[in-house]
Amino acid sequence: MISINDISVWVSKFQLKDWIDLLKGFGVLIGGFVTFSKYFSGTKSVSKSDEIKFRYERLRVFLSDGGANQQSLLVEQGFGAAMGHTKLTAPEIKVILNKDSPSNFIESYLKARNYIKLNNAGDGFELTSIASKPIRRALSVWAGVLFYALFLIAAVWLLFSVIPLFVKVENYFGILESLVMTVYFVVLAIFSLKWAGRINSAVKLIEGESSFSWHTNKVKI
């Protein structure tokens, strides 16, 4: 049975050039897999202008058929066919179509949807979860930004302080381990920033202000 020791000895025999070649090989494999996946799935690249024209034609048909006044299933499927997804419900579509800029609203709404819901009257949107409480959402956004900074600092420290030390002593297992941790911290940093950004986007979309400040006339804790 292979032990951890055996793996460490085997890894330690690798030279830096061997690791670079190995990473290149992985890159080629991943690139080939993505290319073949697109080919076999029949995915074709469509220009932005063609996509807009296609969407326009589908939306024109949808609206001429009655738009949001149709049966709910037809609203969701008809609008979904035009937009290329069925992520919105019929009541949501009805409210969105009455917005001054539906296209921009949809894009922002889908990103911040976890913190927005239809109001009880069904004629508009309101904030929900932690985004509905000014002080809590402000603290959440600032916490997300803080974690983003901490994870990013940790990744930079590993990349420019720890890894060079392992390179100097030719500890290739340590290099690999540090690279994995660096990627892990970068992913956590991106996640933290996106989380804070989605809460802030939800507030700006509904109230037209940033959640980086909790000074408001409707403070709820």
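Within the range 99-138, count every residue that is of a type in the set (A, V, I, L, M), surrounded by fewer than 17 Cβ atoms within 10 Å (Cβ to Cβ) and either touching a residue at least 40 places away in the same chain (Cβ under 8 Å) or assigned to a loop (DSSP other than H, G, I, E, B) (or both).
Qualifying residue count for the region: 2.
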Filter the range 22-73 for residues that are surrounded by 12 or more Cβ atoms within 10 Å (Cβ to Cβ) and on the phi > 0 side of the Ramachandran plot; the one that is modelled with the lowest pLDDT is GLY67
Selection from the range 127-157 of residues over 30 Å from VAL203 (Cβ atoms) and either small (Gly, Ala, Ser) or modelled with pLDDT under 90 (or both) yields none
Within the range 139-151, the residues that are crowded, with 17+ Cβ neighbours inside 10 Å, closer than 19 Å to PHE185 by Cα and small (Gly, Ala, Ser) are GLY144
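So if I check each of ILE96, ILE130, ILE116, ILE153, which one is β-branched (Val, Ile, Thr) and under 23 Å from PHE62 (Cβ atoms)?
Values: ILE130 fails: under 23 Å from PHE62 (Cβ atoms); ILE116 fails: under 23 Å from PHE62 (Cβ atoms); ILE153 fails: under 23 Å from PHE62 (Cβ atoms).
Sole residue among the options that is β-branched (Val, Ile, Thr) and under 23 Å from PHE62 (Cβ atoms): ILE96.
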key: Condition met for LYS168 (under 17 Å from ILE199 (Cα atoms), in the same structural domain as VAL203 (by TED's automatic domain parsing) and among the charged types (D, E, K, R))   = no
The lone condition LEU176 fails out of (1) closer than 30 Å to LYS94 by Cβ; (2) in contact (Cβ under 8 Å) with a residue 40 or more places away in the chain is (1)
Scanning the range 63-98 for residues that are farther than 24 Å from ASP50 by Cα, of a type in the set (Gly, Ala, Ser) and part of a helix (DSSP H, G or I) gives ALA68, SER72, ALA90
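The values are calculated or read from the model by the stated rules, or taken from the named source; none is laboratory data. Keep in mind it's a predicted model, so treat the numbers as computed, not measured. Every residue, glycine among them, receives a Cβ derived from its backbone with ideal geometry; neighbour counts consider all protein chains shown.
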